[in-house]
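Colleague: Input: one structure, supplied below.
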Amino acid sequence: MAPRGFAEKPQAEYETAPGPRSVPYASLRLDSAGRIVVPAAMRAAMLAKAGDTLVAQVVDGELRVVSREWVMRRIDEEAKRFKAANPGVSLVDELIADRREEARRELEEANAWRKAHGLPPFDAE
């Protein structure tokens, strides 16, 4: 009988791989605690190692799991493309301006509610 689960041979590190690859479908079993054991070939294709944090989402009933490292790489690449296409634009400044505008609107809404209920308004800081 072939080894099962964590009894398989440890896999090599995957940092040198350029990016994730595809692996054919496999049948996985969901245990009573909701756990799934991801086969070694799939972990290698995902660039995931034991102890890594994975990011999961369900899209149209399909479970998608990726390594956190790969998510961060994709975010970094997207940020680099944005910066190259939009020189001089500061996303940090835009985020701060958006947040300040949102806080101003929230203060207006809160003060309108307080006025309607006979309470003094909050002061703008």
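FYI, it's all coordinate maths here, none of it is from the lab. Source: prediction; values computed, not measured. Ideal geometry is used to build each Cβ from the backbone, glycine not excepted, and the neighbour counts take in all protein chains shown.
Colleague: Mind checking the dipole of segment 61-124: about its Cα centre, +1 per Lys or Arg Cβ, -1 per Asp or Glu Cβ, Debye to the nearest 20? Could you put the intermediate results ahead of the total?
Modeller: Details: 13 positive and 14 negative charges, 29 e Å.
Rounded to the nearest 20 debye, it is 140 debye.
Colleague: Taking 0.36 nm per residue of sequence separation and subtracting the Cα-Cα distance, how much length would be gained by fully extending the chain between Val89 and Ile75, in nm to one decimal?
Modeller: Value of the extension gain: 3.3 nm.
Colleague: Rounded to whole Hz and in sequence order, give me ³J(HN,Hα) for segment 117-124 from the Karplus expression 6.51 cos²θ - 1.76 cosθ + 1.60, θ = phi - 60°, writing x for Gly and Pro.
Modeller: Result, rounded to whole Hz: 9, x, 9, x, x, 6, 8, 6.
Colleague: So if I place +1 on the C-beta of Lys and Arg and -1 on the C-beta of Asp and Glu, and nothing else carries charge, what would the dipole magnitude of segment 21-65 be about its Cα centre? I want it in debye, nearest 20.
Modeller: Values: 6 positive and 4 negative charges, 38 e Å.
Taking the Cα centre of segment 21-65 as origin, the dipole is about 180 debye.
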